[in-house]
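> Here it is, the structure in full.
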Amino acid sequence: MTLTILGGGGFRVPLVYGALLRDRREGRVTHVTLHDVDPARLAAVARVLAEQAADVPDAPEVRVTTDLDDALRGTDFVFSAIRVGGLEGRAADERVALAEGVLGQETVGAGGIAYGLRTLPVAVDIARRVARLAPDAWVINFTNPAGLVTEAMARHLGDRVIGICDSPVGLGRRLARVLGADPDRARVDYAGLNHLGWVRGLYVDGRDELPRLLADPKLLESFEEGRLFGADWLRSLGAVPNEYLHYYYFNREAVRAYQEAEQTRGAFLRDQQARFYAEMADPGAPALRTWDRTRAEREATYMAENRDVAGAGERAEDDLESGGYEQVALALMRAVARDERTTLILNVRNRTTLAGLDADAVVEVPCVVDANGARPLAAEPLPYHAAGLVTAVKAVEREVIAAAASGSRAAAVKAFALHPLVDSLAVARRLLDGYTAVHPGLAYLRER
Ligand code: G6P
Ligand code: MN
């Protein structure tokens, strides 16, 4: 079985390879192709993987290439984890938005729109090439903004592209643990869009345990999202929001915290990663150790600005359990390749799952996965407050997709202007001007 990783020089690739190394089961991945546009980054990551594989018998063979078609031809699985414009681009997304007093987060608000606008042309090109060179391949999309990118790719690949995120899985597991349940046995009722969803129930042996959590202030303050949002708000909602909803419910505070911070997240990671790749330019550097130290620093600061706003303090060690993005990817791949039926929260086309969204809208919901791919399970309708946000953000995503397909600036302005976190049409226009001035990847947006 062959796996192609696009963005193969990326920092998280060793996590994926580590998961593959631990997979000893029949039908596992035997060959990995890393593709990246930057050969130096590819070489650095390949060295980390070589050290990871050193003592592992039958470790998956790794090859690197900068030729996209060569990477894709005939492969079984594609992981797409690219970052168009790099972390410099992410930092610019944040900066331009903050100068207008709005949020420029990687996937949320104006930043997510800018990132989507420059990513879609590349992602759609990849989708077209996969359709031609590996028509039977499954594409697992990590590339952010993941919901939007998956939807655009699905126009070319249908249900063969599946979007993933670690945040809903991580949230479900944390909740199960707080409730004293086995995270592997709890069924999580989660629904929304990527980075815009809510846990509405958590079933253990058929019984919903969420009401017990919501009724217990001590339990509510004992995990990340409880501290971020506060017990009162979770009780008011009757649900537990994905941590990214902090950017909506505390938007003003999040913007202020970013403005006052020494560095935004993107700028911090840009500098941190630059140091990692620079250290790796020394052929004598211990690759795995250098990578691991960098990773630990990164995790310790994850979403720190939100915790500052909430006064939630540091993220507790035992709260760290993310779904593990590599675990989600591997679980998905295994279910498809080995026809091992399982349920995972994934980004797939809606069909008739969430009322109010059309069939092609990519949503993030629990899905049954087997050799036929991922099918969303039936879901209760969202309450109005959630349906309102989800519909508004989906409308924005559609404008981003339309702008990328047509090159229309009017559609791009409409995307910014319709976003619930952009509060003025004048700001939307200036955002587009600001972004096109700093991102060469937006030059395709013409006056139309
Ligand atoms: C989570 C999200 C990803 C996002 C990442 C950002 O894992 O699910 O979609 O890319 O956080 O983390 P970073 O360390 O890059 O800020
Ligand atoms: Mn995510």
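Bear in mind that the values in this text are calculations on the coordinates, not laboratory data. Remember, it's a predicted structure, so these values are computed and weren't measured experimentally. So basically every Cβ, Gly included, is an ideal-geometry build from the backbone, and we count neighbours across all protein chains shown.
> Assuming 0.36 nm per residue, please report the length gained on full extension of the stretch ALA395 to ARG25 beyond their Cα-Cα distance.
Between ALA395 and ARG25, full extension yields an extra 128.9 nm.
> To check you understand DSSP bridge types, tell me what percent of the beta bridges within the chain (both residues inside) are antiparallel, rounded to 5.
The antiparallel fraction comes to roughly 55 percent.
> Cα gyration tensor of the chain, axes a ≥ b ≥ c as square roots of the eigenvalues: rounded (a/c below 1.5), prolate (a/b > b/c) or oblate?
Rounded is the answer for the chain, as its axis ratio a/c remains below 1.5.
> Now a separate question. So how long is each side of the stretch 99-163 along the principal axes, counting just the alpha-carbon atoms, biggest first, in Å?
46, 17, 14
> Can you tell which of VAL169, VAL124, VAL62 shows the greatest fluctuation in a Gaussian network model of the chain with Cα springs below 10 Å?
Result: VAL62 has the largest fluctuation of those listed.
> Take the alpha carbon gyration tensor of the stretch 361-448, find the square roots of its eigenvalues, order them as a ≥ b ≥ c, and report rounded if a/c is under 1.5; if not, report prolate when a/b exceeds b/c, else oblate.
Because a/c hits 1.5 or more and a/b fails to exceed b/c, the stretch 361-448 counts as oblate.
> Between the DSSP loop rule and a limit of at most 16 other Cβ atoms within 10 Å, which chymotrypsin sites (Phe, Trp or Tyr not before Pro) in the stretch 248-344 are left?
In loop regions of the stretch 248-344 (DSSP not H, G, I, E or B), the sparsely surrounded chymotrypsin sites (Phe, Trp or Tyr not before Pro) are TYR302.
> Towards the positive end of the charge dipole of the stretch 152-223, with charges on Cβ (+1 Lys, Arg; -1 Asp, Glu), say which of HIS195, LEU210, ILE162 has the farthest Cα.
Result: ILE162, furthest along the dipole toward the positive end.
> Take each complete run of DSSP H in the chain, measure how far its Cα atoms stretch along the helix's own axis, and keep only those covering 24 Å or more with mean Kyte-Doolittle hydropathy at least -0.5; list them.
Helices passing the filter in the chain: 109-133, 384-406.
> With the cut-off at 1.5 for a/c, could you classify the stretch 253-298 from its C-alpha gyration tensor as rounded, prolate or oblate?
Cα axes put the stretch 253-298 in the prolate bin.
> With viscosity set to 1.002 mPa s and temperature to 20 °C, compute the Stokes-Einstein D of the stretch 217-272, Rh being the Kirkwood radius across alpha carbon pairs; µm²/s, no decimals.
169
> Using amide H atoms built 1.01 Å from N in the peptide plane, name the residues 5+ places from THR143, or on other chains, whose amide H lies under 5 Å from its own.
SER80, ILE82
> Continuing with the same structure: Subtracting the Cα-Cα distance from 0.36 nm times the residue separation, let me have the gained length for LEU425 to ASP159 in nm, one decimal.
92.2 nm
> Can you list the residues, at least 5 places off or on another chain, whose amide H is less than 5 Å from the amide H of ILE345, using H built in the peptide plane?
It is CYS367, by chain and number.
> Given R₀ = 30 Å, what would the calculated FRET efficiency be for ALA443 paired with ALA40, taking r from the Cβ atoms and rounding to 0.05?
Efficiency computed from Cβ-Cβ geometry: 0.75.
> Calculate, for ALA285 and ALA54, the FRET efficiency according to 1/(1 + (r/R0)^6) with r their C-beta to C-beta distance and R0 22 Å; round to the nearest 0.05.
Efficiency computed from Cβ-Cβ geometry: 0.90.
> Moving on. About the Cα centre, and with charges only on the beta carbon of Lys, Arg (+1) and Asp, Glu (-1), how big is the dipole of the stretch 157-292? Nearest 20 debye, please.
About 200 debye.
> Tell me the label-point distance for the pair ARG185, GLU260, using the 7 Å Cα-to-Cβ offset, in nm and rounded to one decimal.
4.6
> Between ARG351 and ALA405, what length comes free when the chain is fully extended (0.36 nm per residue of separation minus the Cα-Cα distance, one decimal in nm)?
17.2 nm
> Order of SER408, SER80 from fewest to most other C-beta atoms within 10 Å?
Exposure proxy ranking, most exposed first: SER408, SER80.
> Per DSSP helix of 4 or more residues, -39500 (n - 2.57); summed, then divided by the residues of the chain. What does that give at 222 nm, rounded to the nearest 500?
-15500 deg cm²/dmol
> Right, next: Only Lys, Arg, Asp and Glu count, each charged at its Cβ (+1, +1, -1, -1), so figure out the dipole size of the chain about its Cα centre, rounded to 20 debye.
Dipole about the Cα centre, nearest 20: 940 debye.
> Under unit Cβ charges (Lys, Arg +1; Asp, Glu -1), what dipole magnitude, rounded to 20 debye, does the stretch 128-224 have relative to its Cα centre?
It works out to roughly 380 debye.
> What whole-number value in cubic angstrom gives the convex hull volume per residue for the C-alpha atoms of the stretch 304-401?
159
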